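Novice: I am attaching a structure below and will ask some questions about it afterwards.
The values are calculated or read from the model by the stated rules, or taken from the named source; none is laboratory data. Treat the numbers as computed from the prediction; the structure is a model and nothing was measured. In this analysis, Cβ positions are derived from the backbone assuming ideal geometry, glycine residues included, and neighbour counts consider all displayed protein chains.
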Amino acid sequence: MSVDSDGAEDAGWDVDPEDEQGVAVLAALGRQLRAWREDAGIRAADFGTAVGYGEDLVRKVEAGKRIPRPEYLDRADEALGASGKIAAMKADMEQVRYPKKVRDLAKLEGRAVEIGVYSTHVIHGLLQTPEHARALFEMRQPAYPQDEVERYTAARMARQSVFDRSPAPALSFVHEASALRRPIGGTMAWRRQLERLLEVSELRSVSLQVMPNEREAHAGMDGGIEILKFEDGTAVGRSEGAFNGRPVSDLKRLRVLELRYGIIRAEALTPRESRDFIKELLGET
């Protein structure tokens with residue numbers, strides 16, 4: 001979380017001008033916030049002081065140029081005596097809080113009845129702890145601003161609501177053993193990540209497998225694979241090493257990805273063997 005020029009806590013994140021839905025929702029939200037403040041006869045500077053933010057950021061939020069954090073709306077509701085009416089706007093804000101490409105992915109994962117993933121270099125986002133995810137975003141080059149790191153980390157964690165769905169989708173993960181050995185974020189963060197993998201592997205809806213380094217070659221050598229299947233019988237898949245890395249939904253191309261993924265699962269350690277492997281790693285850290 002960053003601070004503004006007045007030293008006040010940053011109110012949120014910049015709006016992507018190409019995100020048409022986000023721009024429209026935030027413009028409407030900003031107009032309502034400004035109307036509430038002006039009806040109360042409070043100047044922007046005084047309002048900023050009341051809610052703990054700088055005047056510049058208050059005006060940016062009201063102009064629809066800044067995505068407010070949930071606590072901003074809570075404080076605004078209290079300062080303006082809105083009796084929950086402003087806090088209720090958080091539901092609208094949640095629609096655009098995260099980057100559009102992440103929202104689109106989360107929608108697909110939220111609809112899927114089956115998700116199959118083969119991951120090569122890193123733990124898949126649905127399985128990452130906040131510390132692990134944050135460390136990965138902090139490693140990006142060119143470097144992300146810290147507020148963007150926090151925004152993307154929060155977005156990744158929000159996707160994990162897929163585990164809370166009822167009925168739960170069938171989730172299958174295969175990770176390269178080398179990805180489980182890299183202590184991203186430091187030893188303690190990595191221990192928590194391994195513990196998280198063990199925790200998730202115990203869920204009845206989840207199959208978690210490890211591809212051991214001893215496999216000299218296998219069907220996933222061209223890159224990661226992700227396949228999502230939906231209740232209406234349709235599906236979408238993507239692989240770094242097939243079809244130029246683009247998402248595909250036609251049956252012919254999906255069969256190629258499913259064939260590769262099936263072979264990968266067959267050559268990986270079983271779920272029980274994979275849990276034992278992760279426990280051994282945890283004991284070594």
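Novice: Step by step: first the residues of the stretch 122-151, then only those that are among the polar types (S, T, N, Q) and surrounded by fewer than 19 Cβ atoms within 10 Å (Cβ to Cβ), then the one that is nearest to Met188 (Cα to Cα). Which residue is that? Full working, then the answer.
Specialist: If we filter the stretch 122-151 for residues that are among the polar types (S, T, N, Q), which is where we start, we get 128-129, 141, 146.
Narrowing the set further to residues that are surrounded by fewer than 19 Cβ atoms within 10 Å (Cβ to Cβ) leaves 141, 146.
Numbers: Gln141: 24, Gln146: 22 Å.
Among those that are among the polar types (S, T, N, Q) and surrounded by fewer than 19 Cβ atoms within 10 Å (Cβ to Cβ), it is Gln146.
Novice: Here's a follow-up. Please specify each residue of the stretch 1-54 satisfying the condition of being assigned to a loop (DSSP other than H, G, I, E, B), out of contact with any Leu (no Cβ under 8 Å at 6 or more places or on another chain) and modelled with pLDDT of 70 or more. Before you say what the answer is, go through the steps one by one.
Specialist: Initial filter on the stretch 1-54 (assigned to a loop (DSSP other than H, G, I, E, B)): 1-2, 4-8, 10-11, 15-19, 40-43, 52-54.
From what's left, out of contact with any Leu (no Cβ under 8 Å at 6 or more places or on another chain): 1-2, 5-7, 16-19, 41, 43, 52-54.
Passing the criteria: Asp16, Pro17, Glu18, Asp19, Gly41, Arg43, Gly52, Tyr53, Gly54.
Novice: Oh, and also: Condition first: loosely packed, with under 14 Cβ neighbours inside 10 Å and either modelled with pLDDT under 95 or touching a helix residue (DSSP H, G or I) at 6+ places or on another chain (Cβ under 8 Å) (or both). Now tell me which residues in the stretch 203-216 satisfy that. Working first, answer last.
Specialist: Taking the stretch 203-216 as the starting set, the residues that turn out to be loosely packed, with under 14 Cβ neighbours inside 10 Å are 203-204, 213-214, 216.
Residues satisfying the conditions are Leu203, Asn213, Glu214, Glu216.
Novice: Kindly provide the set of residues from the stretch 56-74 that are in contact with a Phe, Trp or Tyr (Cβ under 8 Å, 6 or more places away or on another chain), part of a helix (DSSP H, G or I) and without any contact (Cβ under 8 Å) to a residue 60 or more places away in the chain, ordered by number.
Specialist: Val58, Val61
Novice: Answer yes if at least one residue in the stretch 113-121 is part of a helix (DSSP H, G or I) and either in contact (Cβ under 8 Å) with a residue 40 or more places away in the chain or surrounded by fewer than 14 Cβ atoms within 10 Å (Cβ to Cβ) (or both), and no otherwise.
Specialist: Here is the first cut: in the stretch 113-121, the residues part of a helix (DSSP H, G or I) are none.
Within the stretch 113-121, none of the residues are part of a helix (DSSP H, G or I) and either in contact (Cβ under 8 Å) with a residue 40 or more places away in the chain or surrounded by fewer than 14 Cβ atoms within 10 Å (Cβ to Cβ) (or both).
Novice: Determine which member of the set Ala106, Ala87 is over 28 Å from Asp222 (Cβ atoms), in contact with a helix residue (DSSP H, G or I) (Cβ under 7 Å, 6 or more places away or on another chain), among the aliphatic types (A, V, I, L, M) and at pLDDT below 95.
Specialist: Working: Ala106 fails: over 28 Å from Asp222 (Cβ atoms).
On inspection, the qualifying residue turns out to be Ala87.
Yes or no, residue by residue, for (1) part of a strand (DSSP E or B); (2) over 21 Å from Leu108 (Cβ atoms); (3) in contact (Cβ under 8 Å) with a residue 12 or more places away in the chain:
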{"position": "Arg191", "(1), (2), (3)": "no, yes, yes"}
{"position": "Arg196", "(1), (2), (3)": "no, yes, yes"}
{"position": "Val200", "(1), (2), (3)": "no, no, yes"}
{"position": "Val210", "(1), (2), (3)": "yes, yes, yes"}
{"position": "Asn213", "(1), (2), (3)": "no, yes, yes"}
{"position": "Ala219", "(1), (2), (3)": "no, yes, yes"}
{"position": "Asp222", "(1), (2), (3)": "no, yes, yes"}
{"position": "Leu228", "(1), (2), (3)": "yes, no, yes"}
{"position": "Asp232", "(1), (2), (3)": "no, no, no"}
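Novice: Let me ask something else. Can you pull out every residue in the stretch 59-88 that is in contact with a strand residue (DSSP E or B) (Cβ under 9 Å, 6 or more places away or on another chain) and crowded, with 21+ Cβ neighbours inside 10 Å?
Specialist: Lys60, Val61, Arg66, Ile67, Pro68, Arg69, Tyr72, Ala76
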